[in-house]
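*Asks:* Sharing a structure here in structure tokens format.
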Amino acid sequence: MNKFIYLFLIASLFCVEFKSQRQYQLEQQLHAPCCWGGVIAEHDSPIANGIKLIIKNIISDEFDKNKINNTLLQVYNKNVLDYSNKFIKQNMTDEEIINFFVGIEGEKIRALPENKGLGWVAWKLPTFILFLSILMGIIIINRFRALPKEINQNKKNISFEKVDDEMKKMGF
Amino acid sequence: MISIFGSSLISLAFLLTITSLGLNLWYLKSKDSRVYVAGRNAMISACLLTFSAGGTLVYALYNSDLSLTYVNKYSSVFTPTIYKISGFWAGMEGSLLFWVFILSIFAIIVLYQNRNKYVSLMPWVTIVIAIVMSFFLFICLAFENPFAPVDGPIKMGSGLNPLLQHWAMLLHPPMLYLGFIGFTIPYAYAIAAMATQQLDASWIRLTRRWSLFTWMLLSIAVVMGGKWAYMELGWGGYWAWDPVENASLFPWLTGTAYIHSVIIQEKKNMLVRWNMILIMLTFTLTIFGTYLTRSGIVSSIHAFAATDLSIWFFGFVMFLVSLNIGLLIYRHKDLNSQNQLDSFASREAGFVFNNMIFVAMMLVVLWGTLYPVMTEALRGVQIRLGPTWFNQKLIPFGLVLLALTGIAPLLAWRKTSINSIKRNFSLPIVLSFITGIITFSLGIRKVYPLITIILIGFVLSTILLEFYRGTKARLKSSGENIFNVFITIMDKNRSRYGGYIVHIGILMMFLGFTGKAFDQEADVSLSPENNTVELAEYSFELKEYWQESPNSHPKKRQNHKAEITSIDIYKNGAFYTNLKPERRIYIDQNSQPHSEVALKTTLNKDIYIILGSLDLKTGMATLKIRLNNLVSWVWLGTLVLIFGTLIALLPNRKLDE
């Protein structure tokens, strides 16, 4: 499989250009199925490179379904073609592309959670924490403002005196 | 032989640590000074034995003593000497011994420094250190003994993972361990202060330098890890929000909050309970981070292999959490602050908000890191959150913190008048506005980078204004030359101006982070027939390709062979530089391949090339070329941060007296 993917990669390299922002963002939203240890943008494993190539072909202006199917065959197997024929089309949205790979690899491939269920909590909780932290700050400051001024300044050096006394008692 | 010797050292150290623990507890009851001295000496002996155990493992690694399983797994006869030594922290068993090895050094320093001081605190400090040390020694002894003898015939050794054979990996783990373990000392003093009811700022003053030094080391470790990832992992970035990376960030975030909030307790006797919570949280997070990287509860390419240790680490974390909560409840009344805060427009309020945001950031990173554990529990599948989620969610926090870095120093202690606010804020706001216009006119339209650069302009102008005001005031009163005045004001208030320099370092790092938004990447293929590609203002030309092996280059290629390409780079038509990306095959690691990044660094841009494959017959090379923007500012900012922290760490004669 490695050789095939390299050949496909090489074939796609004759037209050299920087990766599009869309391609880069999509690569950041899918985990690499080789080790599930990071997103495909960070991986150079054959399967990660294969998925990158499929995405590149799907979002390409020169959309060619045969080309996509050929790459899919190299990366996965024949069974995926029926599935691909149902889903792959020109002008797919980012969400459709992600869902296409979720259909093949399962939910585990998502690097960004869906905005529902626990995924909704994942999206909303940080904002809640941010507001809560600001609220906590306000509460703490208000509590300090309510305190009487300088309750006990004499307490300041008690500990060192206590330590010194104890040291003397101990014979140090 | 070395197996028995090393294991015996660990066993004896463990026994002496337990003895010290017992003696110190007995002293607290008996108040017999001889018992205290005996407990202290037992602890020092345990530390020396632990230190010797570490030395023994280094000796075994250095001499490729393959009779030890650990040496077999993480070294080989082919491994270069420097990486034989770094094998000490490469594997689970060695890294656990390394942990306790560093703690033993810290413990000796603390016990020696305070041998005749603070007798009410020191038994408790020793008890806390002994508990932590005995836990790690127990783990080494019972589960992960680095001195376990090899089972079966002795081989040549597996060698060190090629990814770990990089100079940053020589420094990153020791720095990380120093940073993690260093927080044991302020934590031990905090617990001692709680136990003895000495809850004013004394324990904070005693541990101020420890905390700051530890924080600096942890900062270096975090950045060094990024540098290693940038150079070795070959994907072109330096931070991927991996669970193991995040584990190093938890204590850094709360530790940063702590080193800010202790200033308030030192100066105003406020935030007493909060500081206690922060140091407890920071230390507990160092252990939790260790648990996370060694338990296998979340998958990471950086984690150690999952073992049975998880339950022990989890137990220890739970013990610490219970101890901390118990003490906080028990001493609830003693932890009340002693001073009032007058206004929201005060420096104290700025510090409170700074603290809240740091802790909130830690909670968000924690949530994002543990999300896969939640999804596994609820849906039966681990769904990890990728870098996009972390970036989207944490950038607003970072920007609020950046703004506070500029706002807080402009506020007066207790209360800032409206006139003062107008006077102090006008110029920085105008300067940040000008920065924004310049940035916008340079074509930067992305929202976050634009806001970041505006805030950098704001914060930098507030810091420079502080230096200017200090220098001006001194110039008027002293009549000295400007250079002397500048040095004098720095010398008189090292922690304050050192802190400002640290903030300049942070600004430089933020500038580096913004560059990420403009990075570009291309996959290219070059061959002798088709040897040039053009990308942006650069053209890349394949000049040569060849192979080097241990036979042809015995010193340079001791444990690997390498396929190398030589690429000439032209900028706008003129020769710019030559880079030689290479692909290595490690002979002592089952022919594991590894790409070595070739890099041309400037302040503005890094040209970053990775060799994907090279066909030596045809000369066909596939390469990934990246143009990474402003990355150097992250590394330079770290150097400035270190410089600033060192200034703040210098002894203050007035304070010491």
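The values are calculated or read from the model by the stated rules, or taken from the named source; none is laboratory data. Just so you know, these numbers come straight off a predicted model, no measurement behind them. Virtual Cβ from ideal backbone geometry, glycine too; neighbours counted across all protein chains shown. Accessible surface areas use protein heavy atoms only, side chains included; no ligands, DNA or RNA. Shrake-Rupley method; radii C 1.70, N 1.55, O 1.52, S 1.80 Å.
*Asks:* How many residues are under 20 Å from the mean Cα position of the chain (by Cα), β-branched (Val, Ile, Thr) and open to solvent by 30 Å² or more (accessible area, probe 1.4 Å) if we restrict to the range B:365-400?
*Replies:* 1
*Asks:* Here's something else I'd like to know. Can you tell me which residue among A:122, A:111 is facing chain B (nearest Cβ under 10 Å), within 18 Å of the chain's Cα centre (by Cα) and in contact (Cβ under 8 Å) with a residue 60 or more places away in the chain? Spell out how you get there, then give the answer.
*Replies:* Numbers: A:122 fails: in contact (Cβ under 8 Å) with a residue 60 or more places away in the chain.
One residue alone meets the criteria, A:111.
*Asks:* When you scan the range B:610-617, do you find a residue that is modelled with pLDDT under 95 and more than 14 Å from every other protein chain (Cβ to nearest Cβ), even just one?
*Replies:* yes
*Asks:* When only residues in the range B:176-228 that are in contact with a Pro (Cβ under 6 Å, 6 or more places away or on another chain) and of a type in the set (Ser, Thr, Tyr) count, which is nearest to residue B:327 (Cα to Cα)?
*Replies:* Start the filter on the range B:176-228 by keeping residues that are in contact with a Pro (Cβ under 6 Å, 6 or more places away or on another chain), which leaves B:207, B:210-211.
Now restrict to residues that are of a type in the set (Ser, Thr, Tyr): B:207, B:211.
Values: B:207: 20, B:211: 21 Å.
Across the range B:176-228, the extreme among qualifying residues is B:207.
*Asks:* What number goes with the only condition from (1) crowded, with 20+ Cβ neighbours inside 10 Å; (2) assigned to a helix (DSSP H, G or I); (3) of a type outside the set (Val, Ile, Thr) that residue B:241 does not pass?
*Replies:* Every listed condition holds for residue B:241 apart from (2).
*Asks:* When residues of the range B:1-42 are filtered for being farther than 16 Å from residue B:147 by Cβ and open to solvent by less than 30 Å² (accessible area, probe 1.4 Å), how many remain?
*Replies:* Total meeting the criteria: 8.
*Asks:* Right, something else. Across the range B:1-42, what is the number of residues that are without any contact (Cβ under 8 Å) to a residue 60 or more places away in the chain, among the aliphatic types (A, V, I, L, M) and under 16 Å from residue B:131 (Cβ atoms)?
*Replies:* Qualifying residue count, the range B:1-42: 4.
*Asks:* Filter the range B:43-58 down to the residues that are open to solvent by 10 Å² or more (accessible area, probe 1.4 Å) and either over 30 Å from the mean Cα position of the chain (by Cα) or in contact (Cβ under 8 Å) with a residue 24 or more places away in the chain (or both) and list them by number.
*Replies:* So in the range B:43-58, the residues open to solvent by 10 Å² or more (accessible area, probe 1.4 Å) come out as B:44-45, B:48-49, B:51-52, B:55-56, B:58.
Passing the criteria: B:44, B:45, B:48, B:49, B:51, B:52, B:56, B:58.
*Asks:* Return a yes/no flag: does the range B:239-256 have any residue that is without any contact (Cβ under 8 Å) to a residue 12 or more places away in the chain and either within 30 Å of residue A:138 (Cα to Cα) or within 14 Å of chain A (Cβ to nearest Cβ) (or both).
*Replies:* The initial filter retains those residues of the range B:239-256 that are without any contact (Cβ under 8 Å) to a residue 12 or more places away in the chain, namely none.
Within the range B:239-256 (the criterion being without any contact (Cβ under 8 Å) to a residue 12 or more places away in the chain and either within 30 Å of residue A:138 (Cα to Cα) or within 14 Å of chain A (Cβ to nearest Cβ) (or both)), the answer is no, since none of the residues qualifies.
*Asks:* Name the pairs whose Cβ atoms lie under 6 Å apart, with the first residue in the range B:264-276 and of a type in the set (Asp, Glu), the second not in a helix (DSSP H, G or I), and 6 or more positions between them or separate chains?
*Replies:* B:266/B:201
*Asks:* Which residue, of B:586, B:576, B:570, is of a type in the set (Phe, Trp, Tyr), within 27 Å of residue B:637 (Cα to Cα) and either at pLDDT 90 or above or in contact with a helix residue (DSSP H, G or I) (Cβ under 8 Å, 6 or more places away or on another chain) (or both)?
*Replies:* Values: B:586 fails: within 27 Å of residue B:637 (Cα to Cα); B:570 fails: within 27 Å of residue B:637 (Cα to Cα).
The match here is B:576.
*Asks:* Considering the range B:412-432 alone, what residues qualify as being modelled with pLDDT under 90 and either open to solvent by less than 60 Å² (accessible area, probe 1.4 Å) or in contact with a Leu (Cβ under 6 Å, 6 or more places away or on another chain) (or both)?
*Replies:* B:412, B:416, B:420, B:421, B:424
*Asks:* Tell me which helices (runs of 4 or more DSSP H) are completely within the range B:332-441 and hold 3 or more residues being at the interface with chain A (Cβ under 10 Å from one of its Cβ atoms), or say none if there are none.
*Replies:* On the way: elements: B:347-379, B:387-410, B:418-441.
Filter on the range B:332-441 gives B:347-379, B:387-410.
*Asks:* A follow-up question, please. All but one of (1) within 14 Å of chain A (Cβ to nearest Cβ); (2) aliphatic (A, V, I, L, M); (3) part of a helix (DSSP H, G or I); (4) open to solvent by 10 Å² or more (accessible area, probe 1.4 Å) hold for residue B:192, so report the exception by its number.
*Replies:* If we test residue B:192 against (1) within 14 Å of chain A (Cβ to nearest Cβ); (2) aliphatic (A, V, I, L, M); (3) part of a helix (DSSP H, G or I); (4) open to solvent by 10 Å² or more (accessible area, probe 1.4 Å), just (4) comes out false.
*Asks:* Given the options A:63, A:101, name the one that is outside any helix (DSSP H, G or I) and either surrounded by 14 or more Cβ atoms within 10 Å (Cβ to Cβ) or at pLDDT 90 or above (or both). Outline the logic, then answer.
*Replies:* Working: A:101 fails: outside any helix (DSSP H, G or I).
Sole residue among the options that is outside any helix (DSSP H, G or I) and either surrounded by 14 or more Cβ atoms within 10 Å (Cβ to Cβ) or at pLDDT 90 or above (or both): A:63.
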